Amino acid sequence: MSPETAVAWHRKDLLGIAELDPDEIRLILDTAESFREIAERPIKKVPTLRGKTVINLFFEASTRTRSSFEIAEKWLSADSINFSSSSSALSKGETLIDTALNLQAMAPDLVVVRHEHPGVPHMLAKRLKAGVINAGDGAHEHPTQALLDAFTIRRRKGRIDGLKVAIVGDIEHSRVVRSNIHLLTKLGAEVRVAGPRTMMPVEVEKLGVVVAPTLEAALEDVDVVMMLRIQLERQSRQRLPSVKEYFQLYGLTARQLARAKEDVIVMHPGPMNRGVEISSEVADGPFSVILEQVEAGVAVRMAVLYLLVGARDGEAEA
Amino acid sequence: MQAELIPKSTLLDAAQMARVIRRMAGEVVERDGTNDLVLVGIRTRGVPLAKRMAEAIEQLEGVQVPLGILDITLYRDDLSTIAPQPVVKETKLPGDIEGRLVVLCDDVLYTGRTVRAAIDALLDYGRPRAVRLAVLIDRGHRELPVQADTVGRVVPTSRREVVEVRFPETDEVEDEDVRLMTRKEAS
């Protein structure tokens with residue numbers, strides 16, 4: 001048996017990065033590497049998940065993640081159905097448990113779920129025979145985002161171990177950060193976070209990261225910069241004096257970026273607020289890998305769908 | 001419970017294998033020439049076989065034939081019955097296969113299911129002029145109507161037996177060989 005087959009995937013669900021061990025993370029990334037090629041084919045479809053049903057259950061608006069999952073499902077020939085909160089009973093007062101029971105009755109193989117409350121995917125995972133993929137639960141986790149970020153870093157840098165990574169922005173309200181911190185530290189990267197005090201969770205150091213006092217300090221000599229979206233629409237409690245001030249203190253400009261390594265890469269999970277957390281000059285500049293991240297998303301999600309369906313079928317056999 | 005495999009006999013040693021592969025290469029060229037020819041190895045051990053056939057063709061004809069690698073994992077018909085999922089590896093074809101003559105190479109032809117998957121996989125990349133099949137060993141027991149165009153050796157086997165082809169690139173051996181193994185139920 002070759003070394004790369006030594007690890008196997010046994011989980012029914014992908015709920016977060018926190019519970020994965022480094023070998024499981026590497027297995028997903030290696031598998032995604034092989035799926036990347038499908039995007040370059042004239043016919044972008046393989047029959048792998050033919051006859052499997054995937055339900056995309058989005059209680060919270062999402063364009064990018066949902067379409068990325070949908071493309072991944074279609075390229076693998078799965079049948080997919082979308083439920084989103086605006087267009088279904090999800091907004092008509094049904095309880096989550098009733099929703100789960102109804103889903104179960106449709107006998108899906110996988111359920112991809114996004115919800116504003118942390119833990120919803122976990123609850124569904126317990127109730128459903130189907131495998132559950134967390135596509136973002138509140139400010140908790142967004143595992144496929146962290147996986148696609150890691151995939152992008154690995155393709156560019158050849159490794160994750162030993163890299164210096166700065167994550168800048170609203171650390172407290174970001175599920176992207178939490179999943180990324182778990183993943184990057186598990187694979188041996190050195191992670192620094194920076195952001196306004198009002199957006200910095202207490203005891204964030206316990207996750208194994210260093211809090212940089214300023215953007216400048218965070219950027220010093222880093223290999224990777226991840227800028228986070230400032231959720232302007234959710235700034236009800238006024239955590240920011242003004243957008244302009246935020247840009248002055250934490251916005252990534254070419255001048256600031258000069259503090260990082262010469263071959264730094266700049267990432268953003270999207271959607272970007274140009275002129276708030278990142279300048280157009282950087283977003284469209286030579287160091288930006290933002291569109292590569294989107295591309296990686298489909299490959300990583302195909303890998304996750306593939307591995308989870310396998311684990312589920314294996315269970316049914318046993 | 002994993003049955004233990006014990007070697008029963010050596011079907012081909014390295015020198016015999018080289019001779020057989022040279023003959024297979026000759027047959028391919030005789031039938032189809034080298035124009036538009038592409039050799040595609042089916043992972044895992046079809047890959048070193050295709051490489052050796054290409055080397056033999058180069059010696060015979062002085063022509064370098066393009067080589068490709070096909071991973072059929074995504075096309076298997078038994079994904080729901082084998083767990084955990086097999087590792088998916090990359091497919092690498094040498095450019096466009098549209099209108100070309102593709103020879104699929106595999107080490108052992110058994111049920112024919114791998115070949116079915118390989119043809120499906122290949123056709124997703126384009127429409128070759130023709131697809132041929134070259135196998136080192138044909139051991140019988142077909143479950144699908146599949147036949148090879150070029151065969152190294154026909155070996156009658158029982159289902160309890162396993163034909164094991166080993167290459168230095170894929171297995172921990174110094175010289176390639178083909179062995180017939182038989183299952184010994186662990187007591």
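The values are calculated or read from the model by the stated rules, or taken from the named source; none is laboratory data. Predicted model, so just to flag it, every value in this text is computed and none were measured. FYI the Cβ positions are ideal-geometry reconstructions off the backbone, even for glycines, and counts take in every protein chain you see.
Does A:E262 fit the bill of being outside any strand (DSSP E or B), over 21 Å from A:T31 (Cα atoms) and away from chain B (no Cβ under 14 Å)? Walk me through how you get there before you give the answer.
Working: outside any strand (DSSP E or B): yes; over 21 Å from A:T31 (Cα atoms): yes; away from chain B (no Cβ under 14 Å): yes.
For A:E262, the condition - outside any strand (DSSP E or B), over 21 Å from A:T31 (Cα atoms) and away from chain B (no Cβ under 14 Å) - is met.
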Query - Looking only at segment A:238-259, and only at residues there that are basic (K, R) and outside any loop (DSSP other than H, G, I, E, B), the one that is modelled with the lowest pLDDT - result: A:K244
**Report entry** Flag for B:G26 being modelled with pLDDT of 95 or more, over 21 Å from B:Y110 (Cα atoms) and within 14 Å of another protein chain (Cβ to nearest Cβ)
**Finding:** no
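If we scan segment B:95-106, do we find a residue that is closer than 30 Å to A:E24 by Cβ, out of contact with any helix residue (DSSP H, G or I) (no Cβ under 7 Å at 6 or more places or on another chain) and within 11 Å of another protein chain (Cβ to nearest Cβ)? Steps first, answer last, please.
Our first condition is that a residue be closer than 30 Å to A:E24 by Cβ; within segment B:95-106, this holds for none.
Scanning segment B:95-106 turns up no residue that is closer than 30 Å to A:E24 by Cβ, out of contact with any helix residue (DSSP H, G or I) (no Cβ under 7 Å at 6 or more places or on another chain) and within 11 Å of another protein chain (Cβ to nearest Cβ).
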Report summary line: If we keep only residues of segment A:267-291 that are assigned to a helix (DSSP H, G or I) and surrounded by fewer than 17 Cβ atoms within 10 Å (Cβ to Cβ), then the residue nearest to the chain's Cα centre (by Cα) is A:L291
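Is it the case that some residue within segment B:88-101 is within 13 Å of the chain's Cα centre (by Cα) and either at pLDDT 95 or above or farther than 26 Å from B:A18 by Cα (or both)? Let's see the steps before the verdict.
Narrowing segment B:88-101 to residues within 13 Å of the chain's Cα centre (by Cα): none.
No, segment B:88-101 contains no residue that is within 13 Å of the chain's Cα centre (by Cα) and either at pLDDT 95 or above or farther than 26 Å from B:A18 by Cα (or both).
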Requested in this report: Count, please, the residues in segment B:155-164 that happen to be closer than 11 Å to B:Y110 by Cα and surrounded by 12 or more Cβ atoms within 10 Å (Cβ to Cβ).
Outcome: 4
Query raised in the report: Can A:V300 be described as at pLDDT 95 or above and either more than 14 Å from every other protein chain (Cβ to nearest Cβ) or in contact with an Asp or Glu (Cβ under 6 Å, 6 or more places away or on another chain) (or both)?
Result: no
Query raised in the report: Within the bounds of segment A:30-45, is there any residue that is touching a Leu at 6+ places or on another chain (Cβ under 9 Å) and away from chain B (no Cβ under 14 Å)?
Result: no
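Would you list the strands (runs of 3 or more DSSP E) that sit entirely within segment A:15-116 and hold 1 or more residues that are at pLDDT 90 or above and more than 19 Å from the chain's Cα centre (by Cα)? Lay out the reasoning, then the answer.
Working: elements: A:53-58, A:79-84, A:110-115.
Per the criteria, A:53-58, A:79-84.
With respect to A:I133, determine if the residue is in contact with a strand residue (DSSP E or B) (Cβ under 6 Å, 6 or more places away or on another chain) and either in contact (Cβ under 8 Å) with a residue 60 or more places away in the chain or away from chain B (no Cβ under 14 Å) (or both). Don't jump to the end; show me each part of the working.
Numbers: in contact with a strand residue (DSSP E or B) (Cβ under 6 Å, 6 or more places away or on another chain): yes; either in contact (Cβ under 8 Å) with a residue 60 or more places away in the chain or away from chain B (no Cβ under 14 Å) (or both): yes.
Spelling it out, A:I133 is indeed in contact with a strand residue (DSSP E or B) (Cβ under 6 Å, 6 or more places away or on another chain) and either in contact (Cβ under 8 Å) with a residue 60 or more places away in the chain or away from chain B (no Cβ under 14 Å) (or both).
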Report task. Mind counting the residues in segment A:46-75 that are crowded, with 20+ Cβ neighbours inside 10 Å and within 8 Å of another protein chain (Cβ to nearest Cβ)? Result -> 2
Report task. Taking only segment A:213-237 into account, find how many residues are at pLDDT below 95 and part of a helix (DSSP H, G or I). Result -> 6
Query raised in the report: Does B:D32 satisfy being on the phi > 0 side of the Ramachandran plot and surrounded by fewer than 19 Cβ atoms within 10 Å (Cβ to Cβ)?
Result: no
Query raised in the report: For segment B:23-53, what are the residues that are part of a helix (DSSP H, G or I) and touching a helix residue (DSSP H, G or I) at 6+ places or on another chain (Cβ under 8 Å)?
Result: B:M24, B:A25, B:G26, B:V28, B:V29, B:L49, B:R52, B:M53
Report task. Can you give me the number of residues within segment A:203-212 that are within 21 Å of A:L240 (Cα to Cα) and assigned to a helix (DSSP H, G or I)? Result -> 1
Query raised in the report: Hey, among the residues in segment B:53-94 that are in contact (Cβ under 8 Å) with a residue 24 or more places away in the chain, in contact with a Leu (Cβ under 7 Å, 6 or more places away or on another chain) and of a type in the set (V, I, T), which one's farthest from the other protein chains (Cβ to nearest Cβ)?
Result: B:V65
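A quick yes/no check of all residues on (1) within 17 Å of the chain's Cα centre (by Cα); (2) buried (at least 24 other Cβ atoms within 10 Å of the Cβ); (3) under 22 Å from A:I278 (Cα atoms):
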| position | (1), (2), (3) |
| --- | --- |
| A:K129 | no, no, no |
| A:A150 | yes, yes, yes |
| A:G158 | no, no, no |
| A:V165 | yes, yes, yes |
| A:H173 | yes, no, yes |
| A:M199 | no, no, yes |
